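What follows is calculated from the coordinates using simple rules that are stated; it is not laboratory data. Source: prediction; values computed, not measured. Counting neighbours? That spans all protein chains shown, and the Cβs are built from the backbone with ideal geometry, glycine included.
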Amino acid sequence: MARLRGILFDLGDTLLNFGKVDVLGLFEQGAKRAYDYLKSIRQPLMPFPQFYRKQFWAIRWSYFKSRITRREFNSLDLLGRVSHAMGHRLTHDQMLELAWQFYVPLHDKATVEPGTRELLEDFSRQGLTLGLVSNTFLPAEVLDRHLEESNLLDLLPHRVYSSAVIYRKPHPGIFKIALSLTGLAATQTLFVGDSPHADIVGANRNGLISVLKDPAARHPRAKPVHRIARLEELRGIVAGYA
């Protein structure tokens with residue numbers, strides 16, 4: 001058995017738990033926050049229903065296109081194009097704040113398992129390289145801000161977001177980028193995620209040691225190397241590779 005040198009994590013419902021979400025409801029809440037932010041910085045605004053529709057259809061079309069092409073988009077770029085078409089003139093920092101306002105309703109639903117920071121600290125002290133690989137159209141700056149607020153960012157120095165690299169898990173490209181960034185060999189790296197297809201199939205195909213986080217045992221047919229219900233269970237898995 002190869003000695004373990006690193007652990008890569010998925011983000012949503014692995015490190016940050018969102019649970020069941022009302023996507024449309026959260027998007028509308030985010031749009032209202034974004035609209036109020038634009039108003040606060042004195043940008044020209046159309047009535048909110050029209051603003052909401054333009055934002056909604058832009059995101060929906062980009063999401064649909066990304067699934068057909070299997071290439072990720074970055075919502076910051078999309079927001080910039082839509083905002084410019086609406087007559088907004090925003091600095092880069094204002095664009096990031098606008099993206100953050102859209103994200104806040106989802107951010108507010110997130111929880112972190114008790115003891116997660118201590119777990120990552122222990123793994124880091126053991127000399128393990130830590131990082132994350134996430135499928136997301138959100139800009140890296142928004143998710144990094146969330147991780148910083150959750151007191152986890154400094155323990156995850158290597159972060160690969162599909163919005164920044166185009167490839168989405170399970171595409172081998174995003175795993176190759178992560179392994180190159182960390183300097184890890186696939187056979188010496190755990191990959192921990194909650195998606196049987198994106199995370200487990202992706203990790204297995206690319207030679208990483210897959211760990212499925214499945215608290216409710218919803219995926220009995222998935223074929224990870226290891227299964228956990230809570231992140232704390234990783235301690236025993238890591239000990240087995242010592």
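With the largest listed first and rounded to whole Å, the semi-axes of the equivalent ellipsoid of region 62-149 from the Cα gyration tensor are 31, 17, 12. Placing a label point 7 Å from the Cα of Phe18 along the Cα-to-Cβ direction, the residues of region 131-151 whose backbone N falls under 14 Å from that point are 134-140, 142-144, 146-147.
For Arg227, the amide hydrogen comes within under 5 Å of the amide hydrogens of Leu212, counting only partners 5 or more places away or on other chains and with H modelled in the peptide plane.
The modelled label-to-label distance between Arg125 and Lys32, using points 7 Å beyond Cα along the C-beta direction, is 4.6 nm. Anyone know which of Asp199, Asp108, Asp13 comes out most mobile in the 10 Å Cα GNM of the chain? Maximum among the listed residues: Asp108.
By count of other Cβ within 10 Å, fewest leading, how are Ile166, Ile174, Ile41 ordered? Write down the numbers at each step before the final one.
Values: Ile166 17, Ile174 25, Ile41 12.
Listed from fewest to most nearby Cβ atoms, that is Ile41, Ile166, Ile174.
If you average 1/r across every pair of different Cα atoms in the chain and take the reciprocal, what Kirkwood value do you get, in Å?
Details: mean 1/r = 0.0527 Å⁻¹.
It works out to 19.0 Å.
Taking Leu132, Leu45, Leu208 as the candidate residues, the one with maximal mean-square fluctuation in a Gaussian network model of the chain, Cα springs under 10 Å, is Leu45. Whole-Hz Karplus values for region 36-42 come out as 5, 5, 4, 5, 5, 9, 6 Hz, taken residue by residue from phi with 6.51 cos²θ - 1.76 cosθ + 1.60 and θ = phi - 60°; glycine and proline positions read x. Dividing the C-alpha radius of gyration of region 23-107 by 2.2 N^0.38 Å, with N its residue count, gives 1.05.
Distant-in-sequence amide contacts of Leu16, defined by a placed amide H-H separation under 5 Å and a gap of 5 or more residues or a different chain, comprise nothing.
With charges set only on the Cβ (+1 for Lys and Arg, -1 for Asp and Glu), what does the dipole of region 151-229 come to about its Cα centre, in debye to the nearest 20?
Details: 10 positive and 4 negative charges, 57 e Å.
Value, rounded to 20: 280 debye.
Distant-in-sequence amide contacts of His158, defined by a placed amide H-H separation under 5 Å and a gap of 5 or more residues or a different chain, comprise Leu132. Using a cut-off of 22 Å between Cα atoms, the listed pairs Lys32/Lys109; Lys39/Lys65; Lys32/Lys213; Lys65/Lys109; Lys32/Lys54; Lys65/Lys169 include Lys39/Lys65; Lys32/Lys213; Lys65/Lys109 as exceeding that distance. Here the Karplus curve 6.51 cos²θ - 1.76 cosθ + 1.60, taken at θ = phi - 60°, turns the phi angles of region 181-198 into couplings of 5, 8, x, 8, 8, 4, 6, 10, 10, 7, 10, 10, x, 9, 9, x, 8, 4 Hz, with x standing for Gly and Pro.
With both bridge residues required to lie in the chain, what share of the DSSP beta bridges run antiparallel, to the nearest 5%? Before the final figure, lay out the partial values.
On the way: 1 of 21 bridges.
Approximately 5 percent, going by the DSSP bridge assignments.
Taking other C-beta atoms within 10 angstrom as a stand-in for reagent exposure, Tyr241, Tyr161 fall in the order Tyr241, Tyr161, fewest first.
In summary, the aspartates and glutamates within cross-link reach of Lys223, defined as a Cα separation below 15 angstrom excluding same-chain residues under 8 places away, comprise Asp194, Asp199, Asp214.
Projecting the Cα atoms of Ala31, Ser62, Met86 onto the charge dipole of region 23-107 (Cβ charges, centred on the Cα centre) puts Ser62 farthest toward the positive pole.
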